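The values are calculated or read from the model by the stated rules, or taken from the named source; none is laboratory data. Small disclaimer: the values here were computed from a predicted structure and weren't measured. Cβ coordinates were reconstructed from backbone atoms using ideal geometry, including for glycine residues, and neighbour counts include every protein chain displayed.
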Amino acid sequence: MPDLACPVRRAALAIDLLAIDPGLGGLVLRARQGPVRQAVLDRLYRLPLPHRRLHPQTTDETLFGGLDVEATLGTGRVTQRDGLLSSPSTLVLGMAERAPPALAARLATALDGGAGHILVALDEGIDEESCAAALCDRAAFHVDLDGVSPSDLPDLEDPDLTAARARLSATPVTVDLHRQMAELGEMFGIESLRGPLFAIRAARAVAALQDVPLGTEQVEIAVALTFAHRATRLPETQDQQEAEPEEQESREETDASDGRNGQEIPQELLIEATRALVTPDLLDRARIKAMRGATGSGSGAVRKGNRRGRPLPSRPGQLGSGARVDLVATLRAAAPWQPLRRLSAPDRTGLQIRPPDIRLRRYEDRSDRLIIFAVDASGSAALARLGEAKGAIEILLSQAYARRDHVSLVAFRGSDAETLLAPTRSLVRTKRHLADLPGGGGTPLAAGLRAAIEEALAAKRRGLAPTVCILTDGRANVALDGTANRRQASTDAIEMGRLAMLNGIEALVLDCGVRPEQSLKSLAQAMGAPYLPLPRANAERVSNAVSAALRD
């Protein structure tokens with residue numbers, strides 16, 4: 001069995017499997033530019049398709065082709081040129097973490113179309129910046145090379161891939177393996193069915209590469225390569241499984257009655273093969289990504305205009321209101337119509353531009369982001385929660401200049417809530433204000449939410465993009481009117497959560513209790529926010545969770 005603990009060997013094996021079966025989609029390679037990443041990229045020559053480089057600002061015309069303006073004007077006939085997606089190829093996307101949603105959607109559509117493309121996404125993100133979820137889901141493999149030094153580079157073998165491709169079609173898969181992969185995906189909390197399907201394809205490719213029948217070792221390798229980075233939870237332990245013996249016996253009888261004849265691979269081996277590559281931080285990031293879905297990235301609010309910011313593709317429009325004309329795009333739009341317009345107006349000479357040809361420049365700018373920590377400062381665990389919140393705020397603020405982040409702190413305890421730290425980017429000022437924070441008393445969760453919502457609405461009026469991060473154990477026992485009423489306190493918290501969602505305020509609910517609290521799950525659902533249990537939260541895990549939910 002190959003050494004899957006070595007990231008470079010995993011990346012090399014992934015490339016070999018992609019060369020055998022392009023249907024595996026691609027590889028997300030997370031690494032900064034350097035000799036380690038280059039050693040892996042040098043192996044891309046083994047992929048049978050031509051290589052085409054992409055960057056985050058690749059336009060639709062480059063991808064799909066379009067009008068060749070020079071040839072059209074030179075010959076007098078409309079001439080089209082092919083795009084990068086016109087034929088199967090290996091698409092190497094640099095700075096994949098910067099790819100805008102529109103480009104990610106187009107590449108995902110191309111991979112789904114069955115044209116035979118292979119995507120190699122080079123993720124150069126810092127901290128929790130990462131490649132778009134749509135691309136990660138369509139790439140079977142994900143390898144993180146962070147922490148690998150050039151001195152650790154192993155000697156890689158070069159197996160015969162041509163013979164392996166010929167053997168692939170002769171490697172059968174039974175129905176039992178499909179069922180087992182689906183069950184294993186459910187155990188690890190993998191919602192997308194692409195995970196189990198990629199695992200089966202990878203197992204066939206491994207068997208073809210090793211020139212052996214499909215068996216336990218090949219499936220172990222496949223699930224480790226395709227499931228570890230998709231997992232959002234770990235399967236139950238043996239003790240937890242023994243707690244439901246009757247259900248297991250019933251399931252075993254059902255499986256026996258199916259009468260299927262095929263591979264029966266011990267599930268424990270596959271679980272351990274995947275668990276070996278899963279880390280707590282990887283689980284936190286995967287949970288956030290899965291729960292956030294398509295609700296937004298959490299980055300600064302996007303503002304479109306025609307004066308400043310990052311250039312966007314031009315769009316048809318009308319002159320006036322200070323709009324700026326994109327001259328090249330306008331000429332492109334007008335060029336195909338010139339022969340027809342000369343026939344309809346022979347008395348006119350030169351290039352004829354009509355109103356529908358006008359293309360206007362557009363730009364995109366992002367507002368600064370504000371993270372509002374609403375921290376439960378009540379009860380015996382108050383000092384621990386406040387301490388971890390302080391540490392997380394300091395970690396996030398140390399990255400503020402690169403991320404355009406501001407932070408604010410709202411603490412709730414006793415019968416009310418108060419803003420202890422106004423929005424700031426100053427790490428020195430923050431440490432001074434966080435030195436002595438009070439704790440103890442009841443849990444007025446609704447009051448804390450109300451104060452955080454007021455802070456978020458004020459930030460929106462100042463042009464910031466606020467996100468509320470709630471850090472609590474969920475045991476609300478003080479209502480909005482200050483009375484000790486547990487039932488009313490829970491109702492008030494849900495109402496405040498709905499108010500936050502109605503105002504379009506993004507949020508993240510971090511459950512710091514010993515066990516997951518159902519009331520906090522209900523609150524997160526009311527807010528339309530991700531819910532993340534962190535029973536052993538520390539400053540680093542809290543900051544990582546927040547960064548994963550609010551990545552640029």
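Taking helices (runs of 4 or more DSSP H) that do not extend beyond region 162-261, which have at least 2 residues that are modelled with pLDDT under 90, under 33 Å from the mean Cα position of the chain (by Cα) and assigned by TED's automatic domain parsing to the domain that holds Gly26?
Output list reads 175-187, 216-227.
Hey, among Gly34, Gly23, which residue is assigned by TED's automatic domain parsing to the domain that holds Ala121 and touching a helix residue (DSSP H, G or I) at 6+ places or on another chain (Cβ under 7 Å)?
Sole residue among the options that is assigned by TED's automatic domain parsing to the domain that holds Ala121 and touching a helix residue (DSSP H, G or I) at 6+ places or on another chain (Cβ under 7 Å): Gly23.
What are the pairs, 6+ residues apart or on separate chains, where a residue within region 109-127 that is at negative phi and in contact (Cβ under 8 Å) with a residue 40 or more places away in the chain has its Cβ under 9 Å from a residue that is assigned to a strand (DSSP E or B) and among the hydroxyl-bearing types (Ser, Thr, Tyr)?
Cβ pairs passing all conditions: His117/Thr90; Ile118/Thr90; Leu119/Thr90; Val120/Thr90.
Considering each residue of region 62-101, count those that are modelled with pLDDT of 85 or more and part of a strand (DSSP E or B), and give that number.
4
Report the residue count in region 2-55 for those that are over 20 Å from Phe227 (Cα atoms), in contact with a His (Cβ under 9 Å, 6 or more places away or on another chain) and part of a loop (DSSP other than H, G, I, E, B).
Of the residues in that region, 1 qualify.
Quick one: which of Arg179, Arg138, Arg98 is in contact with a Gly (Cβ under 7 Å, 6 or more places away or on another chain) and charged (D, E, K, R)?
Arg138
Could you list all residues from region 102-150 that are among the small types (Gly, Ala, Ser) and either closer than 24 Å to Pro48 by Cα or in a strand (DSSP E or B) (or both)?
Ala104, Ala108, Ala110, Gly113, Gly114, Ala115, Gly116, Ala121, Ala139, Ala140
For the structure I just gave you, tell me whether His229 is closer than 23 Å to Arg30 by Cα and not β-branched (Val, Ile, Thr).
Taking the combined requirement at face value, the residue satisfies it.
How many of the residues in region 479-534 are among the acidic types (Asp, Glu), surrounded by fewer than 17 Cβ atoms within 10 Å (Cβ to Cβ) and touching a residue at least 40 places away in the same chain (Cβ under 8 Å)?
Total satisfying the criteria: 1.
Scan Leu41, Leu54 and give me the residue that is buried (at least 19 other Cβ atoms within 10 Å of the Cβ) and modelled with pLDDT of 90 or more.
Only one candidate passes the filter, namely Leu54.
Out of the residues in region 80-116 meeting the condition of being of a type in the set (Gly, Ala, Ser) and exposed (fewer than 13 other Cβ atoms within 10 Å of the Cβ), tell me which one is farthest from Leu29 (Cα to Cα).
Among them, the one singled out is Ser86.
Would you tally the residues in region 329-377 being modelled with pLDDT under 80 and surrounded by 13 or more Cβ atoms within 10 Å (Cβ to Cβ)?
8
Could we say that Glu495 is over 33 Å from the mean Cα position of the chain (by Cα), acidic (Asp, Glu) and either at pLDDT 85 or above or farther than 30 Å from Arg233 by Cα (or both) here?
Judged against the criteria, Glu495 is not a match.
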